[in-house]
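Quick one: structure below, then a few questions.
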Amino acid sequence: MYVGKDIPRIDAADKVTGKAVYLDDINFPDMLFAKILRSPYPHAKILKIDTREAEKLPGVKAVLTHKDVPKIPFNSSYRGPFHAYYPFDEYILEDKVRFIGDKVAAVAAEDPLIAEEALDLIKVEYQPLPAVFDPEEAMKSNGPQIHPEVSSKNIISEWVIGWGDVEHGFKEADYIFEGRYKTHRQAHCAMETHGSIAKYDLIKNELTVWSSTQVPFNVRRVLSIALDMPISKIRVIKPTIGGGFGGKDEVFDEPLCALLSKKAGGRPVKICYSREEEFIATRVRHPAIYELKTGIKKDGTITSLHVKAILDGGAYATASPQVLRVNATYFMNLYRYLNFKFEGYAVYTNCIPSGAIRGYGGPQAHFALETHLNEIAQELGLDPVEFRLKNIRRDGDEVPVYGKILGCRLEDCIKIGAEKAEWHKKRREKNKDIGMGMALHTHTTGPPPRIAPETTTAIVSISEDGSITLISPIVDVGTGTATSIMKVVADELSVPIEKIKYVEADTSSELFDYGTFADRANFNGCNAALLAAKEVKKKILQKAAKMLGSSMENLEIVNGVIRIKSSPEKRLPIGDVAKAIYFEERQPVIGVGEFIPEVNPMAWGATFVKLKVDRRTGKINILKIISVHDVTKAVSPEQVRSQIRGCAIWGVGFSLYEEVILRNGKMLNPTFRDYRICRSLDFPEIEPVIVEAEVDRPELFVKGVGQNALISIAPAIAAALYDAVGIRIRETPMTPEKVWMAMKDKGLVEEE
Amino acid sequence: MWRKFEYVRPETVNEACKIHFEESSSAFLAGGTDLLIQMKRVSKVPKLLIDIKNIKELKQIAIENGRLKIGSLVTLREIEKSDIITQKFNLLSTAASNMGSVQIRNRGTVGGNICNASPGADMLPPLIALGAQVKITGLDGSKTLPLEDFFKGPGETVLNRGQILTEIIIPESRGKGAFLKYTVTSVQVAIMNIAVWADITEDGFCKDIRIAMGAAGPKPLRMKTTEELLKDRRITEELVRKAADVISNEIQPSTRERARVSPEYRRHLSKVLLIQAINSVIGGNR
Amino acid sequence: MKFQIKINVNGKDYELLVEPNLSLLDVLREKLKLTGTKRGCEEGECGACTVIMDGKAVNSCLVLAVEADGKKITTIEGLEENGELHPLQKAFIDYHAFQCGFCTPGMIMTAKALLDENPHPTEEDIKRAIAGNICRCADYTNIIKAIMAASKSIKRI
């Protein structure tokens, strides 16, 4: 069995030798290089734009402004008709700019330097417009309107959901707690910046795009909308991708690149973002503001939770409506409340657009919810672990959006984590300035079922020599998904994995897939491939049964050889059977898997953090993180542990270090010099814990684990901080200065 | 990617100075770990880069008449690894070893770190605390001045066109030193740093002390008022605490919007760093 | 003005005519088509472009091509010998020390420079050595394990 065993990944040799081909490694002899002119204003109307000097510069082959592009609105994150609530508020280029870094014009030239020099020669006359940077300000009716065509009071999307009557619930409560929590912007910082290459065939009117993307089929769809081209004329190919983390979950400059190629007579055009562009002009984590009000009984029962949420969506809607909806589910899915109400808004501001980023709103919502509940437990003198065990969701609970909860091992996660952290023992030992905290999380495996559809396909074929080809549209963003999918097929067909060739399908295969986000890749990819493998296995066994004069039920496959169970000497290699099917039956040996999940195997987990606070500087030193995850089945255990460790570090970065600092819409720290990322020396001890479940077909329930560990880190740190020195921080990041200020207010600071 | 510029690689100091003097839009290129980054962020770059790395005489570390001489092209990595420096002036090698990454230290030079004149540059406080002099060579000869007088403000030095920093000279002096750097994550530029060089007797009497801080003002600062308080006194906990109060008023914290921490926090940090640095020097004495 | 430079890359001599504003990274990737060395930030902060120049790890984005004149350069493409992976490459595979792989070539080159200088590093030595290489997938644990394992296997040779 390969499932559950660690083997070298199929991309291993290419990645350690530098042979893996990423977007920027693709070159064509006649390729042009494009650069984008970006807005220095957070909000402005373009009155005049003069490109004549730029066009005259030798080597410049195409210049585009808003005058040259179709006037078709789109949403770069649009996943299909079910996204009817997504505002179409973007154009390839427009006569208005809405954030510092917004696109104004683009140049394609013989080399990147010429393109850059040409940008200097474009004369733009702007009329600056009043701008708004704070979402609560933006929601006031009298301020600047950023997208009046599609919104009023700058509201991108509104979402109200709940059950019972929260006011009634508050009346029934013995205690009422209220808290306001704020989170900040975080950047993806994939090591590979965004990039694309477009090649527009003017004679055939066909477009080929190579893009560093997590979602090739979505890129194709949005290209088709934005360029008004038939889908059949567009092919999107994803090379090896150097990290996505949600940042490559939508269209960026593929349409612009396509139009540049068209204007340059069909020569291929490459756009690769600089690190600064990556910071200022892609996407960030939604800053969020939450107001929570909780009613609670003396026995710890939560009678009522009322959540008011405001997400700062920045200058364009992109995925904000969905991030908002998913935000509500975190609150709804984790605990039982007698009455619940979520009222949330995603709001436009003149800031960098917010979008999908690892955790998808989870770190924000969990910081608020879990910090709030930890505060309640601390105030009421309840053990946070016991308090949670009393209120958590359990199997069989019905929740809005997701339906019935199945296969939930959250309780085990808490208990295992508490034991490993020696929670009950260690919490009694009081060491100066050392504290422990815990928090829970839940996350999705695939898009929430009642909000978005879900399906994927795969093909498994066996050739005449017995070698196997697996074609899957799943995008491996670097997590090792492709290898995991191969394992499932190898196990189902009982063949050595070396016999399988993996083909990552691009859009021309028409094996439709939504792309890699929401931790859907492994779950959907493994299951579709399993169905395909089963189908082809059936064909092989049927034929083998005839050839061996046995019934299908009496056959087994062992190491690529089909044999009769009772007389194993009667055997046929798979290849011989396949050959017979091809040349005797004159049929292909192919299985097609179409997977439509019946349930969303929601993922659950718990984080325990131990830390020490430096009273002199306010610096938090993380001593240990225990990160426990209900995954049902780890197809590739070391990859899972790697995901947990890497993701937990994202959580540490989000909690303590990483912040996109904006002043009047301008990012002050768009470099790795000033944007603090955890490096090898900043890596605390992290113990990943995998909790599996005994189920018949574990692959049907493989839960996502790529985004989860980070979600509950910040509230666990906040709780540990309170445990250590008795201060509460309700706003991320918990920087040394913030901690110091809070300690100072309480007279806790030391100088030596 | 940089905008276009010309490049020249002279073999002697004199040649380099001459080219620099004649071309008003030129800059000296040493390790390039500051200059080449700055040049990527702007569309206007110097017309000419004068690569001085072929000038061999600027690459020596040597002891001459008890004085340590460091050529301006000596890399940070060489300072980190130099036996002479680690043995006698460990605060210098400590400072070098905590700057940037190995890759940066392999290229970045001590002269470059000085001439870039960043108020928080890590090499500056230890050199100032050690009483370093710098030798400036121009077309009309050489002169030597104390390093602390070399800086005029952020990114600004006393160097004129046609002048080059050739050597750093550290006088022989009795004492022990400490260097501390405060950052939030590793490899980052210092939020604040401090160097202390002091001659303190076995029984805690401070015969001489020099204190310098980085990111405490528009240029690296020598903390003379604080020094005066500590000099010719017996170092007690109480005195150090008093010195901490003095230093927190002596620094000139930036109120710029871009500054990453508030002036109030910076003043507090200066206290913490001073106390820790003095304790480290005394600890080293014991 | 263009400059004639001579560089030795992975044991092979090249004579090239370069503009002063080209970086060593540009030359490796664009002129020599050695695309294993990655462009991550072009500001010397991420280490994805690390190569070994005259025995030292450097950010090739911060070295002018003209500065590399006369130097000996090793890139990730130069580590295999006779079709055999370098012990570091093998260890990175065995210890699952990569995910998206974009930082991997630079990480391995930094590790090689470390082991060339210090064949028996401690865990702390390794952490300090690779602090200039950002891995955003961020499982440094396995990277450190891989480098440690490679240092032991090299010792046996």
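How compact is region A:268-360 by the rule of thumb for globular proteins, expressed as Cα Rg over 2.2 N^0.38 Å? The partial results should precede the final answer.
On the way: Rg = 17.5 Å, N = 93, 2.2 N^0.38 = 12.3 Å.
Computed over Cα atoms of region A:268-360, the ratio equals 1.42.
Hey, another quick one. Pulled fully out, how much extra length does the chain show between A:Glu594 and A:Asp174, if you take 0.36 nm times their separation in residues and subtract their Cα-Cα distance? Numbers along the way, then the final one.
Working: separation 420, 0.36 × 420 = 151.20 nm, distance 5.20 nm.
Taking 0.36 nm per residue and subtracting the Cα distance, the gain is 146.0 nm.
Let me ask another. For region C:48-157, what is the convex hull volume of its Cα atoms per residue in Å³? Walk me through the numbers on the way to the answer.
Working: hull volume 11.5 nm³, N = 110.
Expressed per residue, the convex hull around the Cα atoms of region C:48-157 is 104 Å³.
Which one, A:Phe82, A:Leu119, A:Ala106, projects farthest toward the positive side of the charge dipole computed for region A:47-120 from Cβ point charges (K/R +1, D/E -1)?
A:Phe82
If only Cα atoms are counted, what is the Rg of region B:9-80, and what is its Dmax, in Å?
So, for region B:9-80, Rg and Dmax equal 14.3, 47 Å respectively.
Once the mean 1/r over all distinct Cα pairs of region B:56-201 is inverted, what Kirkwood radius in angstroms do you read off? Let's see the in-between values first.
Numbers: mean 1/r = 0.0653 Å⁻¹.
The Cα-based Kirkwood calculation yields 15.3 Å.
Give me Rg/Rg_expected for chain B, where Rg uses Cα atoms only and Rg_expected = 2.2 N^0.38 Å with N residues. Walk me through the numbers before you get to the answer.
Numbers: Rg = 19.1 Å, N = 286, 2.2 N^0.38 = 18.9 Å.
Compared with the compact-globule rule of thumb, chain B sits at 1.01.
Any idea what the dipole of region B:106-250 comes to, in debye rounded to 20, about its Cα centre with Lys/Arg Cβ at +1 and Asp/Glu Cβ at -1?
300 debye
Students often forget the sequence filter, so: which lysines lie under 22 Å Cα-Cα from A:Lys199 once same-chain residues fewer than 8 apart are removed?
A:Lys35, A:Lys61, A:Lys67, A:Lys71, A:Lys103, A:Lys233, A:Lys238, A:Lys248, A:Lys262, A:Lys263, A:Lys270, C:Lys33
To the nearest 10 degrees, how steeply does helix C:140-156 sit against the main Cα axis of chain C, on a 0 to 90 scale?
Relative to chain C, helix C:140-156 is tipped by roughly 90 degrees.
In addition: If we count other beta carbons within 10 Å of each Cβ, what is the order of A:His43, C:His120, fewest first?
Numbers: A:His43 25, C:His120 11.
Final ranking by Cβ density, sparse to dense: C:His120, A:His43.
So, one more: Along Cα→Cβ, 7 Å out, is where each label goes; now give me the distance between the ones at A:Asp614 and B:Lys59 in nm to one decimal.
3.8 nm
Can you give the translational diffusion coefficient of chain A in µm²/s, computed by Stokes-Einstein from the Kirkwood radius over Cα pairs at 20 °C and 1.002 mPa s?
Numbers: Rh = 27.4 Å.
It comes out at roughly 78 µm²/s.
Please give the contour-minus-distance gain from A:Phe512 to A:Ser463: 0.36 nm per residue of separation, less the Cα-Cα distance, rounded to one decimal in nm. Write out the running numbers ahead of the final one.
Values: separation 49, 0.36 × 49 = 17.64 nm, distance 2.37 nm.
So the extension gain works out to 15.3 nm.
Now, a different point. Kindly state, to the nearest 0.05, the FRET efficiency for A:Glu149 paired with A:Lys67, given R0 = 22 Å and r defined as their beta-carbon distance. Provide the component values of the computation, followed by the final result.
Numbers: r = 19 Å, r/R0 = 0.88.
Using R0 = 22 Å, I get an efficiency of 0.70.
Which residues' amide hydrogens lie under 5 Å from the amide hydrogen of A:Phe517, considering only partners 5 or more residues apart or on another chain, with H built in the peptide plane?
Those lying under 5 Å, H to H, from A:Phe517: there are none.
Please check: in the Gaussian network model of chain B (C-alpha springs, under 10 Å), which one of B:Gly175, B:Gly155, B:Gly131 has the largest mean-square fluctuation.
Judging by the Gaussian network model, the answer is B:Gly155.
What lysines could a cross-link reach from B:Lys59, if we take a straight Cα to Cα line under 24 Å and drop same-chain neighbours fewer than 8 places away?
B:Lys18, B:Lys69, B:Lys81, B:Lys88, B:Lys135, B:Lys143, C:Lys6, C:Lys56, C:Lys71, C:Lys72
Follow-up question, since we're still on this one. Can you sort A:Arg98, B:Arg233, B:Arg256, B:Arg105 so the residue with the fewest Cβ neighbours within 10 Å comes first? Don't skip to the answer; put the middle values down first.
On the way: A:Arg98 28, B:Arg233 15, B:Arg256 10, B:Arg105 25.
Fewest-to-most Cβ neighbours within 10 Å comes out as B:Arg256, B:Arg233, B:Arg105, A:Arg98.
Need one number: nm distance between label points at A:Lys570 and B:Thr144, each 7 Å from Cα along Cα→Cβ, rounded to one decimal.
Placing both labels 7 Å beyond Cα along the Cβ direction yields 10.1 nm.
Find how much the distance from A:Ala84 to A:Ile26 grows on full extension, using 0.36 nm per residue of separation minus their present alpha carbon separation; answer in nm with one decimal. Can you show the working numbers first?
Numbers: separation 58, 0.36 × 58 = 20.88 nm, distance 3.61 nm.
Between A:Ala84 and A:Ile26, full extension yields 17.3 nm more.
Using 7 Å Cα-to-Cβ label points, what is the B:Gln87/A:Asp95 separation (nm, one decimal)?
7.6 nm
Taking the Cα centre of chain C as origin, work out the dipole magnitude from +1 charges on Lys and Arg Cβ and -1 charges on Asp and Glu Cβ, in debye rounded to 20.
On the way: 20 positive and 22 negative charges, 51 e Å.
Once rounded to the nearest 20, the dipole reads 240 debye.
Placing +1 at every Lys and Arg Cβ and -1 at every Asp and Glu Cβ, with all other atoms neutral, what dipole size does chain B have around its Cα centre, in debye to the nearest 20? Numbers along the way, then the final one.
Values: 42 positive and 32 negative charges, 151 e Å.
Dipole magnitude for chain B comes out near 720 debye.
Also: Could you work out, residue by residue across C:61-70, how many beta carbons of other chains sit within 10 Å of that residue's beta carbon, and then give the average as an integer?
5
Moving to a separate point now. Treating each Cα of region A:511-618 as an identical point scatterer and ignoring solvent, apply the Debye formula and state log10 I(q)/I(0) at q = 0.10, 0.11, 0.16, 0.17 Å⁻¹.
Log10 I(q)/I(0), no solvent term: -0.49, -0.55, -0.83, -0.87.
On to the next question. Answer rounded, prolate or oblate for region A:105-172, using the Cα gyration tensor with square roots of eigenvalues a ≥ b ≥ c: rounded when a/c is under 1.5, else prolate when a/b is larger than b/c, else oblate.
Values: a/c = 4.60, a/b = 2.72, b/c = 1.69.
It is prolate, given that a/c is not under 1.5 and a/b is the larger ratio.
Once every Cα of region A:420-574 carries one equal point scatterer and solvent is ignored, give the base-10 log of I(q)/I(0) from the Debye formula at q = 0.15, 0.16, 0.17 Å⁻¹, two decimals.
-0.82, -0.88, -0.94
Also, quick follow-up: Please compute the alpha carbon radius of gyration of region B:142-286, then divide it by the globular-protein estimate 2.2 N^0.38 Å. Two decimals is fine. Numbers along the way, then the final one.
Values: Rg = 16.2 Å, N = 145, 2.2 N^0.38 = 14.6 Å.
Taking the Cα Rg and dividing by 2.2 N^0.38 Å, one obtains 1.11.
Can I ask one more? For region B:114-190, with the dipole built from +1 on Lys and Arg beta-carbon atoms and -1 on Asp and Glu ones, taken about the Cα centre, which of B:Leu165, B:Ala178, B:Ala121 lies farthest toward the positive end?
The residue sitting farthest along the positive end of the dipole is B:Ala178.
Please give the FRET efficiency for A:Lys308 paired with B:Glu237, using the beta carbon to beta carbon distance and R0 = 30 Å, rounded to the nearest 0.05.
On the way: r = 51 Å, r/R0 = 1.71.
Once rounded, the FRET efficiency stands at 0.05.
If you take each beta carbon of peptide B:236-246 and count the beta carbons of other chains within 10 angstrom, what is the mean?
Working: counts 0, 1, 0, 0, 2, 2, 0, 0, 2, 1, 0.
That works out to 1 on average.
Here is the link list: B:Lys181/C:Lys127; A:Lys612/B:Lys176; A:Lys45/C:Lys38. Which ones come out longer than 29 Å on Cα distance?
Details: B:Lys181/C:Lys127 18 Å; A:Lys612/B:Lys176 31 Å; A:Lys45/C:Lys38 38 Å.
Correct reply: A:Lys612/B:Lys176; A:Lys45/C:Lys38.
For a Förster distance of 60 Å, can you work out the FRET efficiency between the beta-carbons of B:Glu156 and A:Ser494, rounded to the nearest 0.05?
About 0.25, to the nearest 0.05.
Check cross-link reach from B:Lys44 to the lysines: straight Cα distance under 16 Å, and skip same-chain residues fewer than eight apart.
Reachable lysines: B:Lys4.
Which whole number gives the average count of other chain Cβ atoms within 10 Å of the Cβ atoms across peptide C:102-108?
Working: counts 12, 5, 9, 6, 3, 2, 4.
The per-residue average across the peptide is 6.
Moving to a separate point now. On the first, second and third principal axes, largest extent first, how far apart are the outermost C-alpha atoms of region A:414-457 in Å?
54, 19, 16
Which trypsin sites (Lys or Arg not before Pro) in region A:366-418 sit in a loop by DSSP (not H, G, I, E or B) and have at most 14 other Cβ atoms within 10 Å of their own Cβ? Display every interim value, and only then the final one.
Values: sites: A:Arg388, A:Lys390, A:Arg393, A:Arg394, A:Lys404, A:Arg409, A:Lys415; in loops: A:Arg393, A:Arg394, A:Arg409.
When the trypsin sites (Lys or Arg not before Pro) of region A:366-418 are filtered for loop state and at most 14 Cβ neighbours within 10 Å, A:Arg394 remain.
Let me ask another. Put +1 on the Cβ of every Lys and Arg and -1 on every Asp and Glu Cβ in region C:69-126; which of C:Phe98, C:Ala111, C:Thr75 then has its Cα farthest towards the positive end of the dipole?
After comparing all options, I get C:Thr75.
What is the spread of the Cα atoms of region A:468-531 along each of their three principal axes, largest first, in whole Å?
That works out to 29, 24, 21 Å along the principal axes.
While we're here: Tell me, how many Å apart are the Cα centres for region A:541-582 and for region B:210-286?
Cα centroid to Cα centroid, the span is 82 Å.
Read-outs: derived from the displayed coordinates by stated rules, not from any lab. Keep in mind the model is a prediction, meaning the values are calculated, not measured. Positions of Cβ are generated from backbone atoms using ideal geometry, with glycine treated the same way; all protein chains shown enter the neighbour counts.
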